Amino acid sequence: MAEAKIQVKDLWKTFESSEKSSGGTEALREINFEIWEGEILCLLGPSGCGKTTVLNIIAGFQKPSRGEVLVNGRRIDKPGPDRGVIFQEHGLFPWRTALQNILFGSEMMGRERQESLALADRYINLIGLNGFQNHYPHQLSGGMQQRVAIARILVNQPDILLMDEPFGKLDAQTRATMQILLLGVWEKLCPTILFITHDIDEAIFLGDRILVMSYRPGKIIKEFKVTLDRPRDYEVITTSAYQEIKREILLLLKGVGQNYSSVRGVERIR
Amino acid sequence: MKTETIAYKNIYFVYAFSLFLFFISWFALASRTIPLFFPSPWLVLLAFQEMIKDGTLWGHIQISLFRILTGWAIGSGLGIPLGLLMGDIRFIRNMLNPYVQFFRFIPPISFVTLSLIWFGMGETSKVVLIIYTTIFIVTINTIAGVMSVNSIHVQSALSLGANRFNIFIRVIFPSTVPFLLTGMRLAMGNSFMTIVSAEMIAADKGLGFLIFTSRLFMQTEKIFVGIISLGILGFVVDAIFRFAINKCAKQYLFFFKEK
């Protein structure tokens, strides 16, 4: 069997607290999973369950207290352009225009100007940013800002995308548009995607698999396979297969007594 | 027309009205006393005219401005890299912070005599004082800028392949621009204070010298000329600086418009 693209092995993370006696906050406990090449894996859990910490460790921004992450079989210890990160806050440089933001990665790689521009142009078209090249981030809507952030990452041609609730701050309609856009990009470029969300519908709509995490300490409590056909259309949410998965996840969360109100897309169930 | 009713909303009208009131009060005050004690606007205007005609005013302005701008430019040129390094590298910050925290409370004026002993009566001693005035304000503001860099920007840059040097040049420095510009504007204001004190004690030219020597000859209206020139000069220099920022560095100021 082929090796997984990303292997997360026995990850623990405890945040030291200033008071010695409390021994710190246990954020992650025994996290084990792998992501296969070209797969979209969704990490689903309530706010504060440590899913962002998992992403930060894979991205190389934070170090685990125990355990390790292998990417392409190699242990990672620092951030790198092979793993593009999309944050909830777009993270665009406000002093650069959309185009200049998109060119940033090429500058870091020392690409020729001509080549960088051609590459930027390609992803600007793919992401639907034409006509907005010279806008500064603050002049763009939330959805457009995230598009720039995605294009900026794609220019580096990473084979892994780490997405931390990238559409969490967008309105429902824009979020749906962005999800469809992301699936379109994924079908064209086939990157491996780790997608973090607290929105059950988003996880089912995008993911090949869903890992559900529990709240503090963050543990993976269950894995779901999403067998819905691809390419997926938004109508898929009305199918019985979709409803079945959603029901199972809801029941699972109810079983572990999670706070439903923090899971978006779900009315409080009592 | 509703012009009369909304006139107070027109900013230029309000400026003009305010100035009008100011000069009326000045005239009224001056009329109740002698020119030696409090000259009227008219006398001050005449003094202005005379000093502009014989070129002495421009001479004083020129030399004061030269000292301020030279010292301010050098001080900023030193303070910005110093602040960036101190903000970014903890070792350098810890090494230098005690001195910055110590010297920033010592007013430049207290160094006037030392500066004269060390650098002589010439321009150097005044320029050095302005450098001293500028450098701490610019450094401290720049450090504050580095400290408040958005960590998501740094993380974004890292995951886009930036190394530490690139982050310093292309993320930290641009994020710091609004802060260091604020520091430079504050430092400009303080430089005016320093130069006047320095010229009062040790100079044979400059606006501070003009104000101080006019006292000896009981030329109160010339003191007013010096004071008013300082105000106008400061206003003009700051306006030019702001204009230049808006022309050349506007994109960096959008930093504050986020969120």
Worksheet entry | Distance histogram for the protein assembly as shown (every C-alpha pair counted, 10 angstrom bins, percent rounded to whole numbers) | 3, 14, 19, 18, 14, 11, 10, 7, 3, 0, 0
Practice prompt. Take every DSSP beta bridge with both residues inside the stretch A:157-257 and express the antiparallel ones as a percent of the total, to the nearest 5.
Written response: 50 percent
Discussion item. When only alpha-carbon atoms are used, what values of Rg and Dmax, in angstrom, describe the stretch B:39-257?
Written reply: 20.6, 70
Worksheet entry | Radius of gyration, Dmax [the stretch B:143-255; alpha carbons; angstrom] | 21.1, 70
Practice prompt. Determine the shielding of peptide A:104-114 by partner chains: average, over its residues, the number of Cβ atoms on other chains within 10 angstrom of each Cβ.
Written response: 3
Fill in: Gap separating the Cα centres of the stretch B:51-87 and the stretch B:175-226, nearest whole Å
11 Å
Worksheet, complete the sentence: In terms of the charge dipole of the stretch B:102-259, which places +1 on Lys and Arg and -1 on Asp and Glu at the beta carbon, the residue among B:Phe105, B:Ile167, B:Ile223 farthest towards the positive end is B:Ile167
Practice prompt. Rounded, prolate or oblate: pick one for the stretch B:2-75, where a ≥ b ≥ c are the square roots of the eigenvalues of its C-alpha gyration tensor, a/c under 1.5 means rounded, and failing that, prolate if a/b is larger than b/c, else oblate.
Written response: oblate
Item to complete: As a check on your grasp of the helix formula, calculate [θ] at 222 nm for chain B: sum -39500 (n - 2.57) over DSSP H runs of n ≥ 4, divide by the residue count, round to the nearest 500.
Response: -26000 deg cm²/dmol
Worksheet entry | For chain A, alpha-carbon Rg relative to the globular expectation (2.2 N^0.38 Å, N residues) | 1.02
Discussion item. Using a 10 Å cut-off around each Cβ, can you sort A:Cys42, B:Cys248 from fewest to most neighbouring Cβ atoms?
Written reply: B:Cys248, A:Cys42
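In debye, nearest 20: dipole of the stretch B:39-257 around its Cα centre with unit charges on the Cβ of K, R (+) and D, E (-)?
700 debye
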Worksheet item: Sorted by packing (mean other beta-carbon atoms within 10 Å per residue), highest first, where do A:131-143, B:15-27, A:75-87 land?
Response: A:75-87, A:131-143, B:15-27
Practice prompt. Please report how far the C-alpha centroid of the stretch B:115-159 lies from that of the stretch A:222-257, rounded to the nearest whole angstrom.
Written response: 58 Å
Item to complete: Just tell me how shielded A:90-101 is by partners: mean number of partner chain Cβ atoms within 10 Å of each residue's Cβ, no decimals.
Response: 5
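Can you say what percent of the DSSP beta bridges in the protein assembly as shown, counting only those with both residues inside, are antiparallel? Round to 5. Don't skip to the answer; put the middle values down first.
Numbers: 19 of 39 bridges.
So the antiparallel bridges in the protein assembly as shown amount to around 50 percent.
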Item to complete: Once you have a ≥ b ≥ c as the square roots of the Cα gyration tensor eigenvalues for the stretch A:123-173, tell me rounded if a/c is under 1.5, and otherwise prolate or oblate according to whether a/b is larger than b/c.
Response: oblate
Discussion item. Within chain B, count lysine pairs with alpha carbon atoms under 23 angstrom apart where the residues are 8 or more positions apart or belong to different chains.
Written reply: 7
Item to complete: Note down the magnitude of the dipole of chain A about its Cα centre, charges +1 on Lys and Arg C-beta and -1 on Asp and Glu C-beta and zero elsewhere, to the nearest 20 debye.
Response: 520 debye
Practice prompt. Return the sequence-ordered ³J(HN,Hα) values of the stretch B:80-97 in whole Hz as given by the Karplus equation 6.51 cos²θ - 1.76 cosθ + 1.60 applied to θ = phi - 60°, using x for Gly and Pro.
Written response: 5, x, 4, x, 4, 5, 5, x, 8, 10, 4, 4, 5, 4, 5, 5, 9, 4
Worksheet item: Rounded to the nearest 20 Debye, what is the dipole magnitude of the stretch B:1-116 about its Cα centre when Lys and Arg each give +1 and Asp and Glu each give -1 at the C-beta?
Response: 320 debye
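Pairs A:Lys9/A:Lys169; A:Lys169/A:Lys254; A:Lys5/A:Lys78: which are spaced more than 28 Å apart, C-alpha to C-alpha?
A:Lys9/A:Lys169
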Worksheet item: In peptide A:78-85, what is the residue-averaged number of other protein chain Cβ atoms found within 10 Å of each Cβ?
Response: 4
Worksheet entry | Separation between Cα centres of the stretch A:50-65 and the stretch A:125-177, rounded to whole Å | 23 Å
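For chain A, give me the percentage of DSSP beta bridges that are antiparallel, rounded to the nearest 5 percent.
Bridges in chain A are about 50 percent antiparallel.
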Item to complete: Tell me what chain A gives for mean residue ellipticity at 222 nm when only DSSP H runs of n ≥ 4 count, each as -39,500 (n - 2.57), the sum divided by the residue total, rounded to 500 deg cm²/dmol.
Response: -10500 deg cm²/dmol
Discussion item. Give me the percent relative contact order of the stretch B:39-257, please, defined on Cα pairs under 8 angstrom at least 6 residues apart.
Written reply: 26 percent
Fill in: Lys/Arg +1, Asp/Glu -1 at C-beta; the protein assembly as shown dipole; positive extreme among A:Asn72, A:Leu183, B:Met188
B:Met188
Discussion item. Among A:Thr25, A:Ile58, A:Gly105, which residue has its Cα furthest toward the positive end of the charge dipole of the stretch A:1-152, with +1 on Lys/Arg Cβ and -1 on Asp/Glu Cβ?
Written reply: A:Gly105
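Read-outs throughout are calculated quantities, based only on the coordinates presented, and are distinct from any laboratory measurement. Being a predicted model, the structure only gives us computed values, none of them experimental. For neighbour counting, all protein chains shown are included, and Cβ atoms are generated from backbone atoms with ideal geometry for every residue, glycine included.
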